[in-house]
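Right, one structure below, let's go through it.
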Amino acid sequence: MKAISSIRPERPGKTGTRRHFRTIWISDIHLGTRGCNAEMLIDFLDNVDSDMLYLVGDIIDGWQLKKRFYWPTAHNDIVWRVMKRARRGTRVIYIPGNHDEMFRNFTGMNFGGVEIRRKMIHTTADGRKLLILHGDEFDAIMLAHRWLAVVGDAAYTALMVLNRHVNRWRQWLGMPYWSLSKTAKHKVKNAVAFISRFEEIVAHEAERRHVDGVVCGHIHTAEIRQFGHVTYYNDGDWVEGCTALVEHHDGRMEILHWGDEIALRDNAPADIELAA
């Protein structure tokens, strides 16, 4: 029985309470780039806990670090928080992507409690089998024309710089966080078609492996879709979308849009916060 939740969870509290999930999936953080939304991810990590944490690739952006070294304190803070979870008993599994593919050489090893795997099969609380992988394996552009992927990455990086400046102005005006790239993807017909095709290919691979679903990242588009008997999950990114996929303790799956969660928390009346 598939469990997809569309019910908004309780607000993250200002009182220091942390919401606990069975499993959390995050990917495409791109540490080492100016596009990484480190502050919002730190807020997320400070407000949630889980029994298992999957890092589904592109956690560190080796492509950009080769061009120019950029590593602010906030990026260290994220690494510290992840390592702290591993030390405290959270099972942390790191599945490298194409931007951090150098870590694929360490598949099967364990560093400070963080397990490195190429892919995994996760069993949900209600018994469903989910294939976990980054997803670049199914990106036709990446496989056939790596040079084009690099050019596209440069264009995307420029868009993220613009996204950062736009949201600084929105914050100054008291407006909530807004993803420029997400809006652009939904406006451009070819981008929509590519995302749809990618989702179909990944779901087909899950069906071929006789599992109930698949969790990936890579395309920076959070989504839950049904393809026949297979459920496709994408946990999104922490560059502009700022989303995570979570499994509740009964097996229900949900995408958290953290910008929306922060807006709800900050705008909640004091009496509601105290009751949360």
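The values are calculated or read from the model by the stated rules, or taken from the named source; none is laboratory data. Bear in mind the structure is a predicted one, so any value in this text is a computation, not a measurement. Positions of Cβ are backbone-derived with ideal geometry, glycine not excepted, and every protein chain shown enters the neighbour counts.
Just checking, how many residues over segment 103-118 are surrounded by 16 or more Cβ atoms within 10 Å (Cβ to Cβ) and of a type outside the set (Gly, Ala, Ser)? Break it down into steps so the answer makes sense when it comes.
Residues of segment 103-118 that are surrounded by 16 or more Cβ atoms within 10 Å (Cβ to Cβ), as a first pass: 103-104, 113-117.
Within this subset, residues satisfying the condition of being of a type outside the set (Gly, Ala, Ser) are 103-104, 114-117.
Matching residues across segment 103-118 total 6.
Are any residues in segment 34-44 in contact (Cβ under 8 Å) with a residue 40 or more places away in the chain and hydrophobic (A, V, I, L, M, F, W, C), and if so, which ones? If you could, list the steps in order and put the result at the bottom.
Initially, segment 34-44 is screened for residues in contact (Cβ under 8 Å) with a residue 40 or more places away in the chain, giving 34-38, 40-41, 43-44.
Those that are in contact (Cβ under 8 Å) with a residue 40 or more places away in the chain and hydrophobic (A, V, I, L, M, F, W, C): Cys36, Ala38, Met40, Leu41, Phe44.
Among Ile29, Ile60, which is the only one that is over 26 Å from His248 (Cα atoms) and out of contact with any Ser or Thr (no Cβ under 9 Å at 6 or more places or on another chain)?
Numbers: Ile29 fails: over 26 Å from His248 (Cα atoms).
Of the residues listed, the single one that is over 26 Å from His248 (Cα atoms) and out of contact with any Ser or Thr (no Cβ under 9 Å at 6 or more places or on another chain) is Ile60.
Residues of segment 53-87 being touching a residue at least 40 places away in the same chain (Cβ under 8 Å), in a loop (DSSP other than H, G, I, E, B) and under 18 Å from the mean Cα position of the chain (by Cα), which ones?
Selection gives Val56, Gly57, Asp58, Ile59.
Considering only residues that are over 18 Å from the mean Cα position of the chain (by Cα), in a strand (DSSP E or B) and under 22 Å from Val202 (Cα atoms), which ones fall in segment 101-128?
If the condition is that a residue be over 18 Å from the mean Cα position of the chain (by Cα), in a strand (DSSP E or B) and under 22 Å from Val202 (Cα atoms), then Thr123 is the only one that fits.
Return the total of residues in segment 52-72 being in contact with an Asp or Glu (Cβ under 9 Å, 6 or more places away or on another chain) and under 11 Å from Ile24 (Cα atoms).
3
This table checks each residue for (1) among the basic types (Lys, Arg); (2) modelled with pLDDT under 95; (3) closer than 23 Å to Asn234 by Cβ.
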{"position": "Gly16", "(1), (2), (3)": "no, yes, no"}
{"position": "Trp25", "(1), (2), (3)": "no, no, yes"}
{"position": "Leu45", "(1), (2), (3)": "no, no, yes"}
{"position": "Leu53", "(1), (2), (3)": "no, no, yes"}
{"position": "Asp58", "(1), (2), (3)": "no, no, yes"}
{"position": "Val82", "(1), (2), (3)": "no, no, yes"}
{"position": "Arg91", "(1), (2), (3)": "yes, no, yes"}
{"position": "Asp100", "(1), (2), (3)": "no, no, yes"}
